[in-house]
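Peer 1: So that we are looking at the same thing, I have put the structure below in structure tokens.
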Amino acid sequence: MTGKQRYLATLAGEPIDHLARLPILMRWAADYISAPYGEFCQGALVKADANIRCANEYGLDVVSVMSDPFSETEAFGGDIVFHDDATPECPHPPLAETRDLATLKRPDSHNSRRLANTLKTVRLYAVAAERGEHAASILGWVEGPAAEAADLRGVSQFLLDLMDDPAWCGELMDRCVDVAAEFAAAQCEAGADTIGIGDAICSQVSPALYIQWVLPRQKKLCQAIKATGAIVRMHICGNITHLLPGLATLPLDILDVDHMVDIAAVRRAMPERVALVCNIDPVADVLEGTPESIPAAVRKRYEQAGDPFFVGAGCEIPPGTPPGNLRALCRPLRGKS
């Protein structure tokens, strides 16, 4: 089977030759081709080359546009600082000193610099697949409503606002959803078969605030993505055990949870159709693991989670992870069926 065939068969509940591999590569992929990380984040050719080479060399079944959370933020008017060997920063969020939403720029998926660059990356993946240069699923990406709102306002201030003036936060998140939905549709048109949603700040939100203010907007975004025919993948860093009842109501196809979340509890909470991604600890299990210990750790999580299941880690594969460890993570593992 090809990587994409394996991936789609898993989601359809059909037989597969072995578990599909969906680890998140960002800094690691840039380092693999000796590219400065700022160039990886901003350069479609660099990002596509790195991901395709990693997919082919290590047996990944996905190529991704992921690099940092600030593509939409820049399109809204944020000034992003890029680094050669670190994640980009937004030192002065656009709404740090004002609550006037009219001051935000209106992002345009085809003309805002980094959004257009993401579309170019997706098209490069699609053309490479047509040429037989890779056979992986193509993963597009958008920021979730709470995550993007926090990037625009500043994390601490957004969390305070969510308690003090949640209605205003709702207005801000509505704007973020509209932009994300449009950006997701453009990525699907360019060739992405899946759209991931990153909403990490949700791990810091109480169940009551999450259910009332964030969950309805996540649902609207998921529904918009589903309307394009794409697969929906949600990734939330941190301990989100308290959010599982709400997440279970979303029309998700794939859910990523961090290593501190009990994956057996996630399986009990989520609908049977939702595929879970292996959530071994990216540092303790992958970076600091061994080629012998890593497959055993993946197998243990698989036994806890059951099908449908993808191989990966609780978050990004850390830079500095030995190549042999990534190869061990992606070693073909037979499923139960």
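The values are calculated or read from the model by the stated rules, or taken from the named source; none is laboratory data. This one's a predicted model, so the numbers in the text were calculated from it and none came from an experiment. Cβ sites come from the backbone with ideal geometry, for glycine too, and all protein chains shown count toward neighbours.
Peer 1: Among the residues of segment 108-128, count how many are touching a residue at least 24 places away in the same chain (Cβ under 8 Å), in a helix (DSSP H, G or I) and of a type in the set (G, A, S).
Peer 2: 2
Peer 1: In segment 266-297, how many residues are crowded, with 19+ Cβ neighbours inside 10 Å, outside any loop (DSSP other than H, G, I, E, B) and touching a helix residue (DSSP H, G or I) at 6+ places or on another chain (Cβ under 7 Å)? Don't jump to the end; show me each part of the working.
Peer 2: Here is the first cut: in segment 266-297, the ones crowded, with 19+ Cβ neighbours inside 10 Å are 266, 270, 274-280, 282, 285-286, 289, 294, 297.
Okay, now just the ones that are also outside any loop (DSSP other than H, G, I, E, B), so 266, 275-277, 282, 285-286, 294, 297.
From the residues that got through so far, the ones that are touching a helix residue (DSSP H, G or I) at 6+ places or on another chain (Cβ under 7 Å) too are 266, 275-276, 285-286, 294, 297.
Counting residues in segment 266-297 that are crowded, with 19+ Cβ neighbours inside 10 Å, outside any loop (DSSP other than H, G, I, E, B) and touching a helix residue (DSSP H, G or I) at 6+ places or on another chain (Cβ under 7 Å) gives 7.
Peer 1: Still on this structure, please answer the following. Being among the aliphatic types (A, V, I, L, M), out of contact with any Lys or Arg (no Cβ under 7 Å at 6 or more places or on another chain), more than 22 Å from A184 (Cα to Cα) and surrounded by fewer than 22 Cβ atoms within 10 Å (Cβ to Cβ), is that true of even one residue in segment 65-82?
Peer 2: Yes, some residue in segment 65-82 is among the aliphatic types (A, V, I, L, M), out of contact with any Lys or Arg (no Cβ under 7 Å at 6 or more places or on another chain), more than 22 Å from A184 (Cα to Cα) and surrounded by fewer than 22 Cβ atoms within 10 Å (Cβ to Cβ).
Peer 1: Can you name the residue in segment 283-306 that is acidic (D, E) and out of contact with any Gly (no Cβ under 9 Å at 6 or more places or on another chain) and, of all such residues, is farthest from P323 (Cα to Cα)? Let's see the steps before the verdict.
Peer 2: Step one: of segment 283-306, the residues acidic (D, E) are 285, 288, 292, 303.
Next, from what is left, pick out any that are out of contact with any Gly (no Cβ under 9 Å at 6 or more places or on another chain): 288, 292, 303.
Values: E288: 12, E292: 14, E303: 26 Å.
Restricting to residues being acidic (D, E) and out of contact with any Gly (no Cβ under 9 Å at 6 or more places or on another chain), the top hit is E303.
Here's the yes/no breakdown for (1) among the hydrophobic types (A, V, I, L, M, F, W, C); (2) in contact with a helix residue (DSSP H, G or I) (Cβ under 8 Å, 6 or more places away or on another chain); (3) over 24 Å from Q223 (Cα atoms):
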{"site": "P107", "(1), (2), (3)": "no, yes, no"}
{"site": "Y125", "(1), (2), (3)": "no, yes, yes"}
{"site": "L139", "(1), (2), (3)": "yes, no, no"}
{"site": "F158", "(1), (2), (3)": "yes, yes, yes"}
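Peer 1: From (1) part of a helix (DSSP H, G or I); (2) without any contact (Cβ under 8 Å) to a residue 24 or more places away in the chain; (3) not β-branched (V, I, T), pick out the condition that doesn't hold for R301.
Peer 2: For R301, the failing item is (2).
Peer 1: Please determine whether any residue of segment 152-164 is over 14 Å from A224 (Cβ atoms) and touching a Cys at 6+ places or on another chain (Cβ under 6 Å). Even if it seems obvious, please write down each step before you answer.
Peer 2: Residues of segment 152-164 over 14 Å from A224 (Cβ atoms): 152-164.
Filter once more, keeping what is touching a Cys at 6+ places or on another chain (Cβ under 6 Å): 161-162.
Yes, that holds for at least one residue.
Peer 1: Scan segment 208-231 and give yes if some residue there is within 17 Å of the chain's Cα centre (by Cα), of a type in the set (K, R) and either farther than 23 Å from C278 by Cβ or at pLDDT 95 or above (or both), otherwise no.
Peer 2: yes
Peer 1: Going by the conditions given, is R153 farther than 30 Å from M1 by Cα and basic (K, R)?
Peer 2: Working: farther than 30 Å from M1 by Cα: yes; basic (K, R): yes.
Judged against the criteria, R153 is a match.
Peer 1: Now for a separate question. Considering only residues of segment 12-39 that are over 19 Å from D49 (Cβ atoms) and within 17 Å of the chain's Cα centre (by Cα), which is surrounded by the most Cβ atoms within 10 Å (Cβ to Cβ)? Walk me through how you get there before you give the answer.
Peer 2: Keep residues of segment 12-39 that are over 19 Å from D49 (Cβ atoms), which gives 12-22.
Next, only the ones that are within 17 Å of the chain's Cα centre (by Cα) stay: 20-22.
Working: A20: 33, R21: 27, L22: 28.
Across segment 12-39, the extreme among qualifying residues is A20.
Peer 1: Within segment 87-105, identify whether any single residue is surrounded by 15 or more Cβ atoms within 10 Å (Cβ to Cβ), touching an Asp or Glu at 6+ places or on another chain (Cβ under 6 Å) and either modelled with pLDDT of 95 or more or of a type in the set (K, R) (or both), and answer yes or no.
Peer 2: yes
Peer 1: How many residues does segment 65-107 contain that are part of a loop (DSSP other than H, G, I, E, B) and β-branched (V, I, T)?
Peer 2: Step one: list which residues in segment 65-107 are part of a loop (DSSP other than H, G, I, E, B), which gives 65-70, 76-80, 82-88, 90-100, 104-107.
Remaining after also requiring β-branched (V, I, T): 65, 80, 87, 98.
Residues meeting the conditions: 4.
Peer 1: How about segment 40-49: which of its residues are touching a residue at least 24 places away in the same chain (Cβ under 8 Å) and either among the β-branched types (V, I, T) or over 10 Å from S67 (Cα atoms) (or both)? Spell out how you get there, then give the answer.
Peer 2: Let us first name the residues in segment 40-49 that are touching a residue at least 24 places away in the same chain (Cβ under 8 Å), namely 40-45, 47-48.
Selection gives G43, A44, L45, A48.
Peer 1: Could you say whether any residue in segment 138-151 is over 19 Å from the mean Cα position of the chain (by Cα) and either in a helix (DSSP H, G or I) or of a type in the set (A, V, I, L, M) (or both)?
Peer 2: At the first step, the residues of segment 138-151 found to be over 19 Å from the mean Cα position of the chain (by Cα) are none.
There is no residue in segment 138-151 that is over 19 Å from the mean Cα position of the chain (by Cα) and either in a helix (DSSP H, G or I) or of a type in the set (A, V, I, L, M) (or both).
Peer 1: For segment 249-265, what are the residues that are part of a loop (DSSP other than H, G, I, E, B) and within 18 Å of the chain's Cα centre (by Cα)? Explain how you work it out, then say what you get.
Peer 2: Here is the first cut: in segment 249-265, the residues part of a loop (DSSP other than H, G, I, E, B) are 249-253, 258-262.
Residues satisfying the conditions are L250, P251, L252, D253, D258, H259, M260, V261.
Peer 1: Restricting the first residue to segment 164-189 and requiring it to be more than 12 Å from Q218 (Cα to Cα) and without any contact (Cβ under 8 Å) to a residue 60 or more places away in the chain, which pairs with a second residue that is charged (D, E, K, R) and part of a helix (DSSP H, G or I) meet a Cβ separation below 9 Å and a spacing of at least six or different chains?
Peer 2: Partner pairs satisfying both residue conditions: C169/R153; C169/D161.
Peer 1: Then there's this: With the structure loaded, tell me whether C54 is touching a Leu at 6+ places or on another chain (Cβ under 7 Å) and assigned to a helix (DSSP H, G or I) or whether it fails that test.
Peer 2: Working: touching a Leu at 6+ places or on another chain (Cβ under 7 Å): yes; assigned to a helix (DSSP H, G or I): yes.
The answer is yes for C54.
Peer 1: Within 22 Å of A192 (Cα to Cα) and at pLDDT 95 or above: which single residue out of A248, A264, A269, A275 fits that description?
Peer 2: Numbers: A248 fails: within 22 Å of A192 (Cα to Cα); A264 fails: within 22 Å of A192 (Cα to Cα); A269 fails: within 22 Å of A192 (Cα to Cα).
Being within 22 Å of A192 (Cα to Cα) and at pLDDT 95 or above holds for just one of A248, A264, A269, A275, which is A275.
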